[in-house]
Amino acid sequence: MDNIIVLATSNKNKLKEIKELLKDFPVTVKSLGDFGPMPEAVEDGATFDDNAYKKALHYAKVLGVPCLADDSGLAVDALDGRPGVYSARYAGPKAADWDNCEKLLGEMAGKSNRAAHFVCVLSLATPAGPALTWEGRCDGEITTERRGESGFGYDPVFFFPEFGKTFAEVSMEKKSTVSHRGRALAEFVAEFPKVQAWLRQRMAEIKPAKPDHSQFEHNDWSSERMC
């Protein structure tokens, strides 16, 4: 089962992106959409690393195969790192991208320090617990108003000095060459031959995994990782 990786998402665009990046390697990439209903991961970690690992390990245990998960968000210096792990729900549990951007702009009103950075952490976990981690970061500034219609999330208010534009003012292809997610994925792909060797070793150390469809009432989240 070391030649199968499940991407812990049902997002078809993310699946397409990963498949394209790994097309030259002997690996089968699936997503959660390829499987039936299962208990959702609880992402209540204090850091992006915590949440990426929890999600990856959760689905690796459920499915019995290696799983790749990511967690990402925006950290603003003047706001002591907020919105951070709450980036997707900064303006509330059901907040839209527009709501989050508006709340951020409101909190940044009158502040001279506009420095901010995006962070993305990728975690590849095996059913027994060990995981590999990659991190990407992209530095920029928060604008005083929304600019651009491309992208998603905080892209309209994140100014990237090298481009002289916000992420929402450039194409997704151009953004991915410098974005936090793009950088983390680039590291992952560059190391993939070593990753496959690591997976073969780790999967051989455990008994043939049987999918675990329990609700994890007594789940013991392993903290063992290899970074």
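The values are calculated or read from the model by the stated rules, or taken from the named source; none is laboratory data. Remember, it's a predicted structure, so these values are computed and weren't measured experimentally. FYI the Cβ positions are ideal-geometry reconstructions off the backbone, even for glycines, and counts take in every protein chain you see. When the accessible area is computed, the model is the full protein with side chains, heavy atoms only, and any ligands, DNA or RNA have been set aside. Shrake-Rupley method; radii C 1.70, N 1.55, O 1.52, S 1.80 Å.
Arrange the peptides 32-39, 112-119 so that the one whose residues have, on average, the most other Cβ atoms within 10 Å appears first.
Packing proxy ranking, top to bottom: 112-119, 32-39.
When the helices in the chain are scored as -39500 (n - 2.57) per DSSP H run of 4 or longer and the sum is shared across all residues, what 222 nm value do you end up with, to the nearest 500 deg cm²/dmol?
Rounded to the nearest 500, it is -9000 deg cm²/dmol.
Normalised radius of gyration for the chain, please: alpha carbon Rg relative to 2.2 N^0.38 Å, two decimal places.
The value comes to 1.06.
Percent of accessible area on region 127-174 owned by carbon and sulfur, 1.4 Å probe?
Result for region 127-174: 47 percent of the exposed heavy-atom area is carbon or sulfur.
Among 66-77, 166-177, 193-204, what's the highest-first ranking by average C-beta atoms within 10 angstrom per residue?
Per-residue mean Cβ counts within 10 Å order the peptides as 66-77, 166-177, 193-204.
Note the angle between two axes, namely the Cα long axis of helix 180-190 and the longest principal axis of the Cα atoms of the chain, as a number of degrees from 0 to 90, rounded to the nearest 10.
30 degrees
If you line up the long axis of helix 192-204 against the longest principal axis of the chain, both from Cα atoms, how many degrees apart are they, to the nearest 10?
With rounding to tens, the tilt is 40 degrees.
Set the Förster distance to 45 Å, then compute FRET efficiency between residue 196 and residue 105 from the Cβ-Cβ distance, nearest 0.05.
Approximately 0.55, to the nearest 0.05.
Can you report the principal axis dimensions of region 165-209 using only the alpha carbons, biggest first, rounded to whole angstrom?
Principal extents (Cα only, largest first): 51, 20, 12 Å.
Can you compute log10 of I(q)/I(0) for region 31-93 with the Debye formula, treating each Cα as one identical point scatterer, at q = 0.16 Å⁻¹?
Debye output, listed in q order: -0.59.
How do the peptides 100-106, 142-148 rank, highest first, by the average count of neighbouring beta carbon atoms within 10 Å per residue?
Packing proxy ranking, top to bottom: 100-106, 142-148.
Quote the FRET efficiency, to the nearest 0.05, computed for residue 139 versus residue 20 with a Förster distance R0 of 25 Å and r equal to the Cβ-Cβ distance.
Calculated transfer efficiency: 0.40.
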